[in-house]
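*Asks:* Encoded as structure tokens, here's the structure I'll be asking about.
The values are calculated or read from the model by the stated rules, or taken from the named source; none is laboratory data. Everything quoted here is computed from the prediction, not taken from an experiment. Cβ coordinates were reconstructed from backbone atoms using ideal geometry, including for glycine residues, and neighbour counts include every protein chain displayed. Ligands, DNA and RNA are stripped out before the accessible areas are found, and what is left, the full protein with its side chains, is counted by its heavy atoms. Shrake-Rupley method; radii C 1.70, N 1.55, O 1.52, S 1.80 Å.
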Amino acid sequence: MSIGGGLIAVVGMTREAQILEGLGYEVVVGGGDGTQLAADLGRALADNPDAAVISFGVAGGLAQGVPVGDLIVAQAVLGETQRWECDQAWVQRLLRANRGARLGMLAGSDTVVGDVAAKHALWAATGALAVDMESHLAARAAHAAGRPFAAVRALSDGAD
């Protein structure tokens, strides 16, 4: 997997975007507004026709026993009715570069999943290790544009 054509990083919060400042990436901030994120990401993809897409930042834990702070490298991102595979060569590179990271699914949600019962239900339905509000939108757009996609998220809170 080559990202020689550039990289578009999709994040949820301005603070996550600040982590990436100065690295030369195009950064699209969701801010909790999926409609605006999709529009902004669409423009970024059009402006950067060779860029790969990565979803980066924090996620809420769904699986028991996965501690806050653990890094999740997604093998796939799950939407309500869809599944988007991550670029497996890129996934392997991320795992090698981040020893101790966990490989697993990320679930996407259009709303915050903060209630313990809702987290348990989402884990039972998907088997995903974590949930966020941007990865499914980024995966959908990247796949529609034929771009390589990956997601890496750190757990900001546990399943309970």
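*Asks:* Please go through segment 61-84 and give me each residue that is in a strand (DSSP E or B) and either open to solvent by 10 Å² or more (accessible area, probe 1.4 Å) or among the charged types (D, E, K, R) (or both), ordered by number.
*Replies:* Correct list: Leu71, Gln75, Leu78, Arg83, Trp84.
*Asks:* Here's a follow-up. Within segment 124-155, track down each residue that is among the polar types (S, T, N, Q) and either closer than 12 Å to Val113 by Cβ or out of contact with any strand residue (DSSP E or B) (no Cβ under 6 Å at 6 or more places or on another chain) (or both).
*Replies:* Across segment 124-155, the qualifying residue is only Thr126.
*Asks:* Another question, if that's okay. Return yes when Trp90 is of a type in the set (Phe, Trp, Tyr) and either at pLDDT below 95 or in a helix (DSSP H, G or I) (or both) and no when it is not.
*Replies:* Yes: the conditions hold for Trp90.
*Asks:* If you don't mind, another one. Looking at (1) of a type in the set (A, V, I, L, M, F, W, C); (2) out of contact with any Cys (no Cβ under 6 Å at 6 or more places or on another chain); (3) modelled with pLDDT of 95 or more, which is the one condition that is false for Ala74?
*Replies:* Tallying (1) of a type in the set (A, V, I, L, M, F, W, C); (2) out of contact with any Cys (no Cβ under 6 Å at 6 or more places or on another chain); (3) modelled with pLDDT of 95 or more, Ala74 fails exactly one: (2).
*Asks:* Kindly list, by first and then second residue, each pair from a residue in segment 29-44 that is polar (S, T, N, Q) to a residue that is surrounded by 16 or more Cβ atoms within 10 Å (Cβ to Cβ), limited to pairs with Cβ atoms under 8 Å and residues at least 6 apart or on different chains.
*Replies:* Gln36/Gly30
*Asks:* Hey, among the residues in segment 130-151 that are open to solvent by 30 Å² or more (accessible area, probe 1.4 Å) and in contact (Cβ under 8 Å) with a residue 12 or more places away in the chain, which one's farthest from Val58 (Cα to Cα)?
*Replies:* Ala145
*Asks:* Out of (1) of a type in the set (A, V, I, L, M); (2) in a helix (DSSP H, G or I); (3) touching a Gly at 6+ places or on another chain (Cβ under 6 Å), the odd one out for Ala46 is which?
*Replies:* Condition (3) is where Ala46 drops out.
*Asks:* For segment 125-151, give me each residue that is under 17 Å from Gly6 (Cα atoms) and not in a loop (DSSP other than H, G, I, E, B).
*Replies:* Answer for segment 125-151, where residues must be under 17 Å from Gly6 (Cα atoms) and not in a loop (DSSP other than H, G, I, E, B): Ala138, Ala139, Ala141, Ala142, His143, Phe149, Ala150, Ala151.
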